[in-house]
Each structure stands twice: as structure tokens, then as C-alpha cells.
Ligand SMILES: [Zn+2]
């Protein structure tokens, strides 16, 4: 059974699954890097106030461990914006929350601390995509936008695609405002069943909702990595838990083996 496994290379620890030989879906843990304080220790975001020198050093470790030269990420803005990436068109500091590519040598990633990383790839292993989905991007249908962008560009149907979901904050830990209920209900019929009321508080099952939305489009889910980021401080960053926080990295790429 092909499932996520915890690996250790170049001293860092990360989760990986290989749906086919040469296709890598990775989720880094927060250990061990060089960042300090709330960013301790393998923070992989330059946008959260950490010392950029330390983030550089952390990226060097991750790239070495994964055997890749560069990881393309975005300045994430909780949007539904998607970019197609190839080696000719990438500029630094693009703002958006999803990326896809068909170039075998490009690794693409999103940075998360409670938000959900969505990995997408086609069943013939030609195209890879990744998205960053908190409630705002979910409401703005980032998953569907990524699927539409991929299928339109490559003449595929959603049923040609698989997806996997990384760790995020789980429903019992993810309290949201009651005003979200009607916004989701009006925009995404069916999504209201992923909200749970308990002791006059409202909680959102972000992961199941995104899985439902992608499944409804016709995609097939492979094994997802089911941990609550807030409940596992040794492995995952969590903004809800810590406020000031680093970011774990979700990355998808092709390798030679
Ligand atoms: Zn939790």
C-alpha cells in the first residue's frame, strides 16, 4: 500500500508519498532547521517576519534532502488566483495561491500553518499542481480554479486528475464565525454540512469540505495526510495555536527515480 511515510534525510524530517515512481508529494515538518523563537525551527516562509538568512539556510537543507535545485512558491494572499509555471515565465513575487506546471524539472510549493495544501496531478503523470486553501480561498473555489486551469490548458477532464490533501487544522480546532455559514451556503451549496455547531460555537471541517468539492468535480482522492496542525506542535506550525509562527512547506515535483 502506497502511503505517506515519515522520512529523514540531510537531518530534516518530512512526509512523502510517491503515487508513481518519480512523482513526489512532500510535506515538511518543522524539524530541524535554524529558525528561532516562534519560527523554530524549519520555517520556510519569508513573509512571516523570520530572519531571511535563516529561511535561506532552511531552504538549502530542504532542497538538498529532496534533491532539487529550486522550489517555486508564491506570495500567498488567500485568493483563488492560479498560475501556470514554466521556466520562461516565472517572476519572483507573483501573488496568488495556486500553481501548476508540466515541466518535469520544476518543483512547486505552498506554505501553510493551519491552511490546507491541495496536491493535484493527472493519472498519466504529465502535470502537477498545488494550492493553498484556507476558508477564504475555499469559498472563492481555488480547487475548482486549479482544476479548470489544468484541464483547459492540457485538454484533460477532471476525471483524469487525482488529488491528495496535506495536514491542516482539523474541525474540532477550527472555530469560525457564524457569518461564514450563509456565505458558504449561498456560494457552494452542500458546503453547509461541513460546519459543526457545538456549545454555541461553529467549527469548519476544511479538509473534508475541499475533498467533497474536488470529488464532486470528478477527481479521485489518493491517500491524504491526516494530522491536525494545531494538535501536533512538534511537527507542524499553527497560527491558531501560536500566533507568531513559521510555515511548513507542501511541495510536488518529479524526480528521476
Ligand atoms: Zn486539533
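Scanning the stretch 168-190 for residues that are more than 16 Å from the ligand (Cβ to nearest atom), free of Cβ contacts under 8 Å to residues at least 40 places away in the same chain and not in a loop (DSSP other than H, G, I, E, B) yields a total of 5.
Name the residues in the stretch 210-227 that are farther than 16 Å from residue 6 by Cα and either free of Cβ contacts under 8 Å to residues at least 24 places away in the same chain or surrounded by 15 or more Cβ atoms within 10 Å (Cβ to Cβ) (or both), would you? Selection gives 210, 211, 212, 213, 214, 215, 217, 219, 222.
Taking the stretch 1-28 as the range and being out of contact with any helix residue (DSSP H, G or I) (no Cβ under 9 Å at 6 or more places or on another chain), assigned to a loop (DSSP other than H, G, I, E, B) and surrounded by fewer than 17 Cβ atoms within 10 Å (Cβ to Cβ) as the test, the residues that pass are 1, 2, 3, 18, 20, 21, 22.
Please specify each residue of the stretch 213-247 satisfying the condition of being more than 16 Å from the ligand (Cβ to nearest atom) and not in a loop (DSSP other than H, G, I, E, B). 213, 214, 215, 216, 217, 220, 221, listed by residue number.
Conditions (1) in contact with a helix residue (DSSP H, G or I) (Cβ under 7 Å, 6 or more places away or on another chain); (2) part of a strand (DSSP E or B); (3) surrounded by fewer than 19 Cβ atoms within 10 Å (Cβ to Cβ), marked per residue:
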site	(1), (2), (3)
57	no, no, yes
63	no, no, yes
79	yes, no, yes
87	no, no, yes
91	no, no, yes
100	yes, yes, no
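Out of contact with any helix residue (DSSP H, G or I) (no Cβ under 8 Å at 6 or more places or on another chain), at pLDDT 95 or above and either assigned to a strand (DSSP E or B) or crowded, with 22+ Cβ neighbours inside 10 Å (or both) - does that describe any residue in the stretch 31-52? Scanning the stretch 31-52, I find no residue that is out of contact with any helix residue (DSSP H, G or I) (no Cβ under 8 Å at 6 or more places or on another chain), at pLDDT 95 or above and either assigned to a strand (DSSP E or B) or crowded, with 22+ Cβ neighbours inside 10 Å (or both), so the answer is no. Among the residues of the stretch 122-134, at least one is within 16 Å of the ligand (Cβ to nearest atom) and farther than 18 Å from residue 14 by Cβ.
The values are calculated or read from the model by the stated rules, or taken from the named source; none is laboratory data. Quick caveat: nothing in here was measured; it's all calculated off a predicted structure. For neighbour counting, all protein chains shown are included, and Cβ atoms are generated from backbone atoms with ideal geometry for every residue, glycine included.
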